[in-house]
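What follows is a set of notes on a single structure, which appears directly below.
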Amino acid sequence: MRRSLVAVSVLFALAGSAAAAPGGPQPLPRRLADTGGGSQLITAVAPDTGSTTGTVTWWERRRGRWVEAGSAPARFGAGGLTEGASRVQGTNTTPTGLYDLPYAFGTGAAPAGTRYPYRPVNDRSWWCQDNDSAAYNRWVEPRPADCRAGESEHLASYATQYARALVIGFNYRRPVRGRGAGIFLHVNGKGATAGCVSVPAAAMDRIMAWADPARRPHIAVGTVSGPTAVTRY
């Protein structure tokens with residue numbers, strides 16, 4: 001009898017503890033300062049600014065609530081992450097912040113299910129990163145005379161990484177020279193990126209099939225905590 005009373009007392013105590021415990025954390029998009037106003041969001045989060053790896057998660061709003069639609073391990077710049085508003089070109093850092101996703105591209109045909117505007121790469125496709133060019137931080141085809149090859153990226157030369165990609169709208173609408181150009185969400189290469197965010201090929205396929213421009217997806221890039229915490233953006 002005594003054992004039964006003790007057992008009952010323990011159960012009541014556990015039940016009381018469970019009732020008093022606070023609810024679990026809100027989904028990450030609910031904790032962001034801004035999600036871009038759409039109903040799809042990608043978060044790319046690293047442990048700290050010195051990290052070159054982390055997690056990409058894609059989310060969507062369903063019946064007024066943010067729900068995780070998928071996730072994958074991510075890679076960041078070889079120089080880690082840095083505040084996007086003060087980033088310096090050539091530092092191999094991934095810019096933190098909240099950005100739109102203007103269009104998709106790839107070295108082959110658009111993957112099945114792609115709804116995003118998609119631009120196929122050919123041998124004449126370049127991304128101009130020359131600060132002295134009128135086409136700074138733009139796709140050019142062919143490469144104009146004022147955009148030096150040594151200061152630009154020949155997209156077809158990165159068949160693995162750019163098999164499929166989404167342009168990240170960092171420094172894109174009104175480019176600030178010297179801040180950086182050619183920041184994408186793309187397929188993994190051999191290691192850390194030059195400032196982009198990358199994921200395994202299968203994950204990029206899933207993101208391409210999931211992303212719907214009508215739902216105004218954005219990407220929030222940041223760290224778990226600190227001045228560049230993803231929740232600040």
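For segment 112-137, taking the residues that are touching a Cys at 6+ places or on another chain (Cβ under 9 Å) and either acidic (Asp, Glu) or open to solvent by 70 Å² or more (accessible area, probe 1.4 Å) (or both), the one that is nearest to GLY182 (Cα to Cα) is identified as ASP130. The residue list TRP126, TRP66, TRP139 contains one member that is within 18 Å of GLY169 (Cβ to Cβ) and in contact with a Phe, Trp or Tyr (Cβ under 8 Å, 6 or more places away or on another chain), which is TRP139. Residues that are in contact with a Ser or Thr (Cβ under 8 Å, 6 or more places away or on another chain), at positive phi and among the small types (Gly, Ala, Ser) within segment 181-221 comprise just one, GLY195. Considering only segment 205-233, how many residues are in a helix (DSSP H, G or I), open to solvent by less than 10 Å² (accessible area, probe 1.4 Å) and under 17 Å from GLU68 (Cβ atoms)? Adding up the residues that qualify gives 2.
Of the set (1) buried (at least 21 other Cβ atoms within 10 Å of the Cβ); (2) in contact with a helix residue (DSSP H, G or I) (Cβ under 6 Å, 6 or more places away or on another chain), all apply to ILE183 but (2).
Put simply, of GLY195, GLY150 the only residue that is surrounded by fewer than 18 Cβ atoms within 10 Å (Cβ to Cβ) and at pLDDT 95 or above is GLY150. Of the numbered criteria (1) under 24 Å from VAL140 (Cβ atoms); (2) open to solvent by less than 20 Å² (accessible area, probe 1.4 Å); (3) without any contact (Cβ under 8 Å) to a residue 40 or more places away in the chain, the one ARG173 fails is (2).
Selection of segment 176-207 for residues being β-branched (Val, Ile, Thr) and closer than 21 Å to ARG138 by Cβ yields VAL176, ILE183, THR193, VAL197. Where strands (runs of 3 or more DSSP E) fall entirely within segment 46-98, those with at least 3 residues that are modelled with pLDDT of 95 or more, over 15 Å from PHE184 (Cα atoms) and of a type in the set (Ser, Thr, Tyr) are at 53-62. All of (1) touching a Gly at 6+ places or on another chain (Cβ under 7 Å); (2) open to solvent by less than 30 Å² (accessible area, probe 1.4 Å); (3) of a type outside the set (A, V, I, L, M, F, W, C) hold for ARG164 with one exception: (2).
In the list TRP59, TRP66, which residue meets the criterion of being hydrophobic (A, V, I, L, M, F, W, C), farther than 22 Å from PRO102 by Cβ and open to solvent by less than 50 Å² (accessible area, probe 1.4 Å)?
One residue alone meets the criteria, TRP66.
Note on segment 139-155: among residues that are more than 14 Å from ARG124 (Cβ to Cβ) and charged (D, E, K, R), the one that is farthest from the chain's Cα centre (by Cα) is ASP146. In segment 101-110, what residues are at pLDDT 95 or above and open to solvent by less than 40 Å² (accessible area, probe 1.4 Å)? Those that are at pLDDT 95 or above and open to solvent by less than 40 Å² (accessible area, probe 1.4 Å): LEU101, PRO102, TYR103, ALA104, PHE105, GLY106.
The values are calculated or read from the model by the stated rules, or taken from the named source; none is laboratory data. Keep in mind it's a predicted model, so treat the numbers as computed, not measured. Cβ: placed from backbone, ideal geometry, glycine included. Neighbour counts: every protein chain shown. Note: accessible area is taken over every heavy atom of the protein model, side chains too, but ligands, DNA and RNA are not part of it. Shrake-Rupley method; radii C 1.70, N 1.55, O 1.52, S 1.80 Å.
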